[in-house]
Amino acid sequence: ILDYQTSNAEELVLDRDKVIGSNIADSMPQEVVEKIKRSTEDALEQHQLQIVEYTLPVKKGIEDYEARLMPLNENSVLAIVRNISELKIFRKTLTESENMFQKTFHRMHVLSSISTINDGKYLEVNDTFVKTTGHSRQVAIGQTSVDLGIIKKQDRDWLKQEMLRNGSVKNVELE
């Protein structure tokens, strides 16, 4: 290890002075060493970037890291390592939120759809939409309400203008 820097000393496994000039086998758990070793070999053999994720016990607890290993020449790689603990928490929270939205959206007993504002193509429709219109999800997605005969083109154009002007349309009855 030639250099070792962080803006947060609590993220360090060992003090900087003990790491510079050492081998990763001297400063990391064996399973992490094996992962990095395999990825380093792959980077050198394939002559391309390798990305490896691992966890490490640090002063403030267990943290998640990502190492990007780029071959420099036949025998060495440049490793850039970053703490991805907050990113992983964010991804998990986002996935949970998306799953909750999907469940709620599809179980609603109100006909609902998500479509693009410009051309009105359906991106998603719920189960009530399918039951009410008789159009399967596969048929509806990628089509417009006009294509499916749900509303007239002039009504769609008017709805689009109202959405753009006011941000929403409420309590409107169409023929």
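The values are calculated or read from the model by the stated rules, or taken from the named source; none is laboratory data. What you see is a predicted model, and the numbers here were worked out from it, not measured in a lab. Here the Cβ is made from the backbone with ideal geometry for all residues, glycine too, and neighbour counts use every protein chain on show. Please note that ligands, DNA and RNA were not included when accessible areas were found on the heavy atoms of the full protein model with its side chains. Shrake-Rupley method; radii C 1.70, N 1.55, O 1.52, S 1.80 Å.
Taking a straight line from the alpha carbon of Lys103, these aspartates and glutamates sit under 13 Å away, with near neighbours fewer than eight places off in the same chain left out: Glu124, Asp127.
Listed by chain and number, the lysines whose alpha-carbon sits under 24 Å from that of Lys152, ignoring those within fewer than 8 places in the same chain, are Lys121, Lys131, Lys160, Lys170. Over what distance in Å are the Cα centres of the stretch 53-91 and the stretch 140-175 separated? After rounding, the separation between the Cα centres reads 48 Å. Within a straight-line Cα-Cα reach of under 18 Å, Lys88 can be paired with the following aspartates and glutamates, leaving aside sequence neighbours fewer than 8 residues apart in one chain: Glu11, Glu53, Glu63, Asp64, Glu66, Glu96, Glu98.
For Cα extents along the principal axes in Å, the value calculated from this model appears in (i) 45, 35, 32; (ii) 77, 36, 31; (iii) 70, 31, 28 under label (ii). Using C-alpha pairs under 8 Å with a sequence gap of at least 6, the mean separation divided by the residue count of the chain gives a relative contact order of 10 percent. For the pair His106 and Thr93, label points projected 7 Å from Cα toward Cβ lie 2.5 nm apart. A 1.4 Å probe run over the chain, with the rest of the protein chains in place, finds 71 Å² accessible per residue. Length available on full extension from Asn166 to Lys59: 0.36 nm per residue minus the Cα-Cα distance, which gives 33.3 nm.
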